[in-house]
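Notes follow the structure.
The values are calculated or read from the model by the stated rules, or taken from the named source; none is laboratory data. What you see is a predicted model; the values in this text were computed from it and never measured. Ideal geometry is used to build each Cβ from the backbone, glycine not excepted, and the neighbour counts take in all protein chains shown. Areas reflect the complete protein model, heavy atoms only, side chains present, ligands, DNA and RNA absent. Shrake-Rupley method; radii C 1.70, N 1.55, O 1.52, S 1.80 Å.
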Amino acid sequence: METVLLTGFEPFAGDATNPSGDAVRAVEERWTGTERLIVEVLPVAFDAAATRLRQLLDEHRPDIVIATGLAGGRAQVTPERVAINLADARIPDNDGAQPVDRPVVEGGPAAYFATLPVKAIAAALTREGIPAAVSHSAGTFVCNHVMYTALDAAAPGVRAGFVHVPSAREHAPEGAASLPLDDIVRAVELTVRTALDVREDVAAPGGTLH
């Protein structure tokens, strides 16, 4: 039986909710797959999130790792293609830490590419009417930190990556880019299903001009 580790984040920056954490808990509640699904809501803190993720990897030995997080201002669900070895925080994390120009892993590679089928995931979401696109930057905050950690710490053969979700419409400021929370939940469910079913990513254009 395959094991999937699915993570979201707790609220941060003064927000009352975080749609990534809300979505992964909803997916856990309605999961009907035959695969084993492990769900965790991580702290929005560089060191604590990385430590907890490594503990989960050691404890559960997942075959697939899908981390999710909020990208406020984005209007699409965006599977991330690249994690960089850089922590450079514009704001403090929830523990008050604000690393500047610090590596995620000392001596680690400059970057890792996701081993999830990111183009297939974006295509599957789009077919279901959910706005989606491959992203080439997970930023330099805790989301990127977790993505890099997952790819660095995962055992050989484990497929891992990160998906950013927009703000939930139910809690977003008026006029802000957002999606209904139910669409975000469906997007996370489809991401898990696609990661399980698609072993080799599709060969389709997914780059950007700038």
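Suppose the filter is surrounded by 23 or more Cβ atoms within 10 Å (Cβ to Cβ) and in a helix (DSSP H, G or I); does VAL185 pass it?
No: the conditions fail for VAL185.
If you check VAL118, VAL165, VAL158, which single one turns out to be under 16 Å from the mean Cα position of the chain (by Cα) and under 23 Å from ALA16 (Cβ atoms)?
So the residue among VAL118, VAL165, VAL158 that is under 16 Å from the mean Cα position of the chain (by Cα) and under 23 Å from ALA16 (Cβ atoms) is VAL165.
Give the residues of the stretch 38-54 that are in contact with a Phe, Trp or Tyr (Cβ under 9 Å, 6 or more places away or on another chain) and assigned to a helix (DSSP H, G or I), sorted by residue number.
PHE46, ALA49, ALA50
Just wondering, is there one or more residues in the stretch 131-145 that are part of a strand (DSSP E or B), under 26 Å from ALA13 (Cα atoms) and polar (S, T, N, Q)?
Scanning the stretch 131-145 turns up at least one residue that is part of a strand (DSSP E or B), under 26 Å from ALA13 (Cα atoms) and polar (S, T, N, Q).
Check THR140 against each of (1) touching a residue at least 12 places away in the same chain (Cβ under 8 Å); (2) loosely packed, with under 13 Cβ neighbours inside 10 Å and name the one condition it does not meet.
Evaluating THR140 over (1) touching a residue at least 12 places away in the same chain (Cβ under 8 Å); (2) loosely packed, with under 13 Cβ neighbours inside 10 Å leaves (2) as the failure.
Check whether at least one residue in the stretch 55-66 is touching a helix residue (DSSP H, G or I) at 6+ places or on another chain (Cβ under 6 Å), at pLDDT 95 or above and in a helix (DSSP H, G or I), and report yes or no.
Checking the stretch 55-66: at least one residue is touching a helix residue (DSSP H, G or I) at 6+ places or on another chain (Cβ under 6 Å), at pLDDT 95 or above and in a helix (DSSP H, G or I).
Rundown of residues vs (1) open to solvent by less than 60 Å² (accessible area, probe 1.4 Å); (2) more than 16 Å from the chain's Cα centre (by Cα), yes/no style:
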| residue | (1), (2) |
| --- | --- |
| ARG81 | no, no |
| LEU86 | yes, yes |
| ASP101 | no, yes |
| VAL104 | yes, yes |
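Check THR208, THR126 and return the single one that is under 19 Å from ALA23 (Cα atoms), surrounded by fewer than 17 Cβ atoms within 10 Å (Cβ to Cβ) and among the polar types (S, T, N, Q).
One residue alone meets the criteria, THR126.
Out of all the residues in the stretch 1-37, which are open to solvent by 40 Å² or more (accessible area, probe 1.4 Å) and in a helix (DSSP H, G or I)?
ASP22, ARG25, GLU28, GLU29, ARG30
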